[in-house]
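The values are calculated or read from the model by the stated rules, or taken from the named source; none is laboratory data. Note that the structure is a prediction, hence the values are computed from the model and not measured. FYI the Cβ positions are ideal-geometry reconstructions off the backbone, even for glycines, and counts take in every protein chain you see. Calculation scope for accessible area: heavy atoms of the full protein, side chains included, ligands and nucleic acids excluded. Shrake-Rupley method; radii C 1.70, N 1.55, O 1.52, S 1.80 Å.
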Amino acid sequence: MPEHLLSPGHTACAGCGQSLAARLVLDAAGPNTIIVNNTGCLEVFSTTYPDTAWEVPFIHSLFENAAAVASGVEAALRQSGKLAEVRVISQAGDGGTADIGLQALSGMWERGHDILSVCYDNEAYMNTGIQRSGLTPTYTSTSTSPAGQSSTGNPRPKKNIVEIAVAHGIPYVATASAGFPLDLQKKVKKAMAIRGPKFLHVHVPCPLGWRHEPEQTYQIARLAVETGLFPMIEFENGKISGRYLIVKPKPVEDYLKPQGRFRHLFKPAAEAALKEIQELANRNIERYGLLKTAGS
Amino acid sequence: MKDFIEGSEAVARAVCLCKPGVISAYPITPQTHIVEGLAQMVADGRLKSQFVNVESEHSAASVVLGAVAVGQRVFTASSSQGLILMSEVIFNIAGMRMPVVMACVNRALSAPINIWNDLQDSMALRDSGWVQFYAENNQEAADLIFQAYRLAEDPRALIPVMVCLDGYILSHGLEVVDIPEEDKVTQFLPPFNPSEKLDTANPKSFGLLAGPDYYLEIRHDLHQTVKDALTLIPDITADFKRIFGRNSGGLVESYRLEDAEMAIVSAGSVCGTIKDTVDVLRAEGKKVGLLRIITYRPFPEELILQALAKVPMIAVLDKAVSLGASGPIYADLKAAFQGKPGKKISGYIAGLGGRDITPDTIKEIFKQLAGPEVSDQFIGLKN
Ligand SMILES: Cc1ncc(C[n+]2csc(CCOP(=O)(O)OP(=O)(O)O)c2C)c(N)n1
Ligand code: SF4
Ligand SMILES: [Mg+2]
């Protein structure tokens, strides 16, 4: 067996959080997995004909239909009695998950297919040149929500795809991060042990789109969690069942400053915007109970 | 067994006999009866399949794509808006060489929204890499289902096939249909056993990115394979005749063309009306005939040239229009006869959105064919 089920030698950028997370996910899922992938960076950098980086069966069809293709894969496995031993992962970027692919994904969740869907959230359409998506955070500068004289970047907050998943009544929903590899793999294993639809939302820094140094990927991923901007939480059967607790939340500036996509926020005129982002982090901490208090 | 049934039921029963492992579809008139019928068969345990109720046609097509990639025989069906919503996946299925079989119950396209029959929906997808069969009657619609699976899953083909049948006229119209015995179907249609599939014992990647160095060759391969179906289809229909004892399907059908001076070229159920009208006109001494296109993609150009070689005046009756150009079959026919002198080829468009095409419409076309050559003459327009 190869060392990793997503082989090296693919064409991802140096420091790509998505390539790291996808490898961790698949290694945790194991070789008896079929991967169904939406169009996006991950599919493009791993499967340039005639090469493939995948050591497990892999299928890519279109940008928005991985969840439906995976439903067909699962139905076929069920029909042939193989669903006990072969598992299905449907994966996509934030755009493929929360925007254009949301309908197919919602259908898959609602139908109760035995599939783990994974969202690699790099907070924009990276494959097509860093355009904003529904999961782009407030005040991010992207190529379609650029900061400028009369704009502080993306005006809308990040869509709460996690709670949208929870609202489908599926048995397991969790968030994870490329900055917490062991936690990520633990959640994949936990998800794979549960029958029915599972959703794993993984925060994956993108050095190209976020404009940070490739060697900062891990650190930046951790800062997103440690500021409260990306809550690491788990829901089982609709109830929050796990959270990564923060002892002393770091100020959001620590996370934002190393990233070029937030550079415009460090001008005097953007002070209010910065404050708003801090409030978003505070609200996350409160909403999900992320603060480690004595006894917790 | 002979039964007096609508086209939808004929198709559903034929599909049931082919035993697809996964069926997925979304409701749209006039296709719905087919999948409702299949859902009932699954519910009654007569058909042991996974019936996946999806949230859109885009997903229906995607589900069958995923299932066939694992090696299950699959079926879907749609019409009109549903087919057009599927279209992104339709092209993708062909490019990925997935042997999906679907029924398209032909219906007009919006706007204006219209649930009645014409061929604009499937004609819009003629460039997708799918084989397209057009049925004339309910018997043929059912028979083409068996032939579609046989062709799609042939290791030399591995291309998707769309069986088109006219909405309402066939889908809801009752006719006597001979539904074959199961053992004959088993004899005709071998089990689906693709050599390449999603299999953890032999991991392969499907749906790769191909750059300018490879794309041209891959598309050429697909084009060539679709064209090669022209040689597979006659063998399939011959084998069908051997096992089921009737002529059904094929590439084209010539009707009273031997000494014809005028011929109509068309596809689908309207050909029944044309045949009747040809008989009437023949009885009056007029030398007229019909060339029915059964397989529209791949385009059986050679056979068409042969069949019409001695016919000086040809009217193409399209129940579709490439807006701003002409009817699609007309354009193909003109291209086929390009450089061949001594032919008058006129294009007529009729029956859009369910407007009746009657024997009088057909007579009118023959009448106009004697007049000036036209390319996109609408028949039956009200003032
Ligand atoms: C129907 C359709 N619309 C648009 C595109 C172009 N497109 C391909 S990938 C992509 C962005 C992918 O973004 P995301 O899902 O976030 O993945 P990422 O590349 O960021 O990992 C877009 C817009 C497409 N392939 N298909
Ligand atoms: S653009 Fe971003 S997501 Fe895409 S390969 Fe590069 S680092 Fe990874
Ligand atoms: Mg993205």
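For this structure, a couple of remarks:
- Surface per residue (accessible, 1.4 Å probe) for segment B:263-318, Å²: 31
- Candidate cross-link partners of A:Lys257 among the lysines, defined by an alpha-carbon separation under 27 Å and a same-chain spacing of 8 or more, comprise A:Lys158, A:Lys159, A:Lys248, A:Lys267, A:Lys275, A:Lys292.
- Sparse-neighbour loop sites [trypsin sites (Lys or Arg not before Pro); segment B:99-172; at most 13 other C-beta within 10 Å; DSSP]: B:Arg156
- The Rg/Rh ratio for chain B, using Cα coordinates for both the radius of gyration and the Kirkwood hydrodynamic radius, is 0.97.
- Using the Stokes-Einstein relation with a Kirkwood hydrodynamic radius computed over Cα pairs, the translational diffusion coefficient of the protein assembly as shown at 4 °C and a viscosity of 1.567 mPa s comes to 48 µm²/s.
- Within a straight-line Cα-Cα reach of under 30 Å, B:Lys204 can be paired with the following lysines, leaving aside sequence neighbours fewer than 8 residues apart in one chain: A:Lys82, A:Lys186, A:Lys187, A:Lys189, A:Lys190, A:Lys198, B:Lys19, B:Lys48, B:Lys227.
- Area of B:Val278 that stays accessible when all protein chains are in place (1.4 Å probe, Å², to 10): 0
- Length-normalised contact order for segment B:252-378 - Cα pairs under 8 Å, 6+ apart - percent: 28
- Per residue value of the accessible surface for segment B:57-173 (all protein chains in place, 1.4 Å probe), Å²: 21
- Per-pair calculated FRET efficiency, R0 = 30 Å: B:Leu174 and B:Leu381 via Cβ, rounded to 0.05: 0.45
- A protection proxy built from the mean count of other Cβ atoms within 10 Å ranks the segments A:201-209, A:29-37, B:163-171, B:202-210, most packed first, as B:163-171, A:201-209, A:29-37, B:202-210.
- R0 of 22 Å, Cβ-Cβ distance A:Glu271-A:Arg211: FRET efficiency to nearest 0.05: 0.55
- Estimated inter-spin distance, B:Asp3 and B:Ala309, nm [label 7 Å along Cα→Cβ]: 4.4
- Anisotropy class of segment B:183-316 from Cα gyration tensor, a/c 1.5 cut: oblate
- Segment A:148-190: C-alpha gyration tensor shape, a/c 1.5 cut-off, then a/b vs b/c: oblate
- Positive dipole terminus of the protein assembly as shown, leading residue within B:Phe192, A:Ser150, B:Ala335 (C-beta point charges): A:Ser150
- For the protein assembly as shown, carbon and sulfur atoms together expose 53% of the accessible surface, with a 1.4 angstrom probe and every protein chain in place.
- Of the GluC sites (Glu not before Pro) in segment A:49-141, the ones in a loop by DSSP (not H, G, I, E or B) with at most 11 other beta carbons within 10 Å are A:Glu85.
- Burial of accessible area (probe 1.4 Å, heavy atoms of protein chains only) in segment A:58-72, relative to its chain alone, reaches at least 20 Å² for A:Phe58, A:Ile59, A:His60, A:Ser61, A:Leu62, A:Glu64, A:Asn65, A:Ala68, A:Val69, A:Gly72.
- Rounded, prolate or oblate (a/c below 1.5 giving rounded, otherwise prolate when a/b exceeds b/c) for segment B:74-222 by Cα gyration tensor: oblate
- Buried accessible surface for the B/A pair, both sides summed and rounded to the nearest 100, is 2900 Å² with a 1.4 Å probe.
- Of the residues A:Phe58, A:Gln79, A:Val173, the one whose Cα sits farthest toward the positive end of the charge dipole of segment A:17-288, with +1 on the Cβ of Lys and Arg and -1 on the Cβ of Asp and Glu, is A:Val173.
- When the Cα atoms of segment A:17-288 are aligned to their principal axes, the ranges along those axes come out at 63, 42, 31 Å in descending order.
- Those residues of segment B:345-382 whose amide nitrogen sits under 18 Å from the label point placed on B:Ala111, 7 Å along Cα→Cβ: B:353
- For chain A, the solvent-accessible area works out to 39 Å² per residue, with a probe of 1.4 Å and every protein chain left in place.
- Normalising the average separation of contacting C-alpha pairs (under 8 angstrom, six or more residues apart) by the number of residues puts the relative contact order of segment B:117-256 at 29 percent.
- Within the assembled protein chains, the solvent-accessible surface assigned to A:Trp54 is about 10 Å², based on a 1.4 Å probe.
- Mean separation of Cα contacts under 8 Å, 6 or more apart, over the residue count of segment B:2-244: relative contact order %: 24
- A:Ala193-B:Glu36 FRET efficiency (beta carbon distance; Förster radius 35 Å; 0.05 resolution): 0.40
- Threshold 10 Å², segment B:56-70 residues less accessible with all protein chains present than alone (1.4 Å probe): B:Ser56, B:His58, B:Ser59, B:Ser62, B:Val63, B:Leu65, B:Gly66, B:Ala67, B:Val70
- The protein assembly as shown, helix-only ellipticity at 222 nm - DSSP H runs n ≥ 4, -39,500 (n - 2.57), divided by all residues, nearest 500: -11000 deg cm²/dmol
- Candidate cross-link partners of B:Lys343 among the aspartates and glutamates, defined by an alpha-carbon separation under 18 Å and a same-chain spacing of 8 or more, comprise B:Glu258, B:Asp259, B:Glu261, B:Glu301, B:Glu302, B:Asp332, B:Glu373, B:Asp376.
- Remark: chain A carries a charge dipole of roughly 620 debye about the Cα centre, counting +1 on each Lys and Arg Cβ and -1 on each Asp and Glu Cβ.
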